[in-house]
1. Between Asp181 and Asp132, what is the label-to-label distance in nm when each label sits 7 Å out along the Cα-to-Cβ direction?
2. Counting other C-beta atoms within 10 Å, which of Val40, Val88, Val162 has the fewest, and how do the rest follow?
3. For a footprinting-style exposure proxy, rank Trp103, Trp140 by other Cβ within 10 Å, fewest first.
4. Just want the ordering: Leu119, Leu57, Leu87, Leu142, from fewest to most Cβ atoms lying within 10 Å of their own Cβ.
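Just so it is clear, none of the values below were taken in a lab; they were calculated from the coordinates. These numbers were taken from a predicted model, which means no experiment stands behind them. Cβ sites come from the backbone with ideal geometry, for glycine too, and all protein chains shown count toward neighbours.
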Amino acid sequence: MLIRRPEVPVARAPRNWRGAVALPEFPMRPDYRNPNWFCVHTKPAREIQAAASLKRLTASLLRNVGEIDVYFPRVKTKIAVAGHLRLVLRPLFPRYFFAKFIWEKAARYVASRPQVIGLVRFGKMPVVVSPDVIQDLLSWSLESDTEIFDPTARLEPGQRVVIKSGLFKGMEAEVISHLNDRKRVALLLDHLQSQTRLILDRTHLKAVV
């Protein structure tokens, strides 16, 4: 289900890399001449470095690959440290984050980052992530940091709700942050494969009796 790089041979960008190389046509492909969101697959525990490298583009790179928007959602969770529970930030989808760019200009550059394995796709078609997915995740982010995903942040204290549809359908909002990492990743990939919409808004919640 994952692309290790586009199927055509893809070399890492050399140190003196000056511009994007034209990629082959994909059958029945979307318009890759306009910015789209894609899902980036990274090496283990390299999400932070990979996301940061795409956020820090020099003026020269910007001219060649264009702007790259990065959304790396993280979630607060408690882990045991020296016998005590500590609240830490972990990737919402370990080894995955989202990047928005023009495929024909920047795909090769993004896939060639040292921390990146490739871009998620199913079959020969790279997966274009719907903007609705990003917006729905952002709607549950903290106002002070839009990359921190917290579905309970805007609920009343002690309020319990269950999500009625979308990626986390049937789960209580407060339980999402405690899901096993593999479970969250499986939900993400299943969602991308099915091409169904992720809906996480208050109109799709119902109270837990």
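1. Modelled inter-label distance: 3.1 nm.
2. Listing Val40, Val88, Val162 from fewest to most nearby Cβ atoms yields Val88, Val162, Val40.
3. Numbers: Trp103 24, Trp140 21.
In increasing order of surrounding Cβ atoms, one gets Trp140, Trp103.
4. Details: Leu119 21, Leu57 17, Leu87 8, Leu142 13.
Starting with the residue having the fewest Cβ neighbours, the order is Leu87, Leu142, Leu57, Leu119.
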